[in-house]
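Take a look at the structure below.
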Amino acid sequence: MKIRILYLILIIISCKKAEKKEVLLADREAPLGWIYLKMYDDSSFEFISQGMVRDKDVYNGSYQLKNDTLSFKYKDSIPKAGSKAVITKGFVNYINGSYHESVQIKLNKLTIK
């Protein structure tokens, strides 16, 4: 009986997902909502464009940081903000999109490689 309980506990522990830790959080108020950038310690990210109503566009994928430049690799579609950004003076500034996007950094625990 004790072996079964121990086996069950081991299964529960092994199935438990490791929680991602946020390493960078940035946002800005948009005309009718908010823009959010959430980056995690496993090199994943979410770029979220959320309206005041319930509509929400979430773009996710992985990122790479080199010096002060971020390169985003999206899983599906790429937002109009683009896939490259530069970190300067407390902001993440997108540099290759169809419009200029800039979000203010609220939390930054990134380590530059």
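Details
- Among residues of the range 64-82, those that are open to solvent by 30 Å² or more (accessible area, probe 1.4 Å), under 23 Å from G33 (Cβ atoms) and touching a strand residue (DSSP E or B) at 6+ places or on another chain (Cβ under 6 Å), counted: 1
- Output for the range 86-113, where each listed residue is among the β-branched types (V, I, T) and within 13 Å of the chain's Cα centre (by Cα): V92, V103, I105
- Qualifying residue in the range 51-66 (condition: over 18 Å from V103 (Cα atoms), modelled with pLDDT of 95 or more and out of contact with any Lys or Arg (no Cβ under 8 Å at 6 or more places or on another chain)): no
- Scan of the range 29-52 for residues that are among the small types (G, A, S) and more than 10 Å from the chain's Cα centre (by Cα), ordered by number: A30, G33, S49, G51
- Among the residues making up the range 40-62, those that are touching a Leu at 6+ places or on another chain (Cβ under 6 Å) and either open to solvent by less than 30 Å² (accessible area, probe 1.4 Å) or of a type in the set (D, E, K, R) (or both) are F47, G51.
- The test for being more than 24 Å from E19 (Cα to Cα), open to solvent by less than 70 Å² (accessible area, probe 1.4 Å), without any contact (Cβ under 8 Å) to a residue 40 or more places away in the chain and out of contact with any His (no Cβ under 7 Å at 6 or more places or on another chain) holds for V86.
- Boolean, L65 is within 14 Å of the chain's Cα centre (by Cα) and under 14 Å from L25 (Cβ atoms): no
- Filter result for Y7 (out of contact with any Cys (no Cβ under 9 Å at 6 or more places or on another chain) and at pLDDT below 90): yes
The values are calculated or read from the model by the stated rules, or taken from the named source; none is laboratory data. Just so you know, these numbers come straight off a predicted model, no measurement behind them. So basically every Cβ, Gly included, is an ideal-geometry build from the backbone, and we count neighbours across all protein chains shown. The protein model used for the area step is the full one, side chains on, heavy atoms only, and it has no ligands, DNA or RNA in it. Shrake-Rupley method; radii C 1.70, N 1.55, O 1.52, S 1.80 Å.
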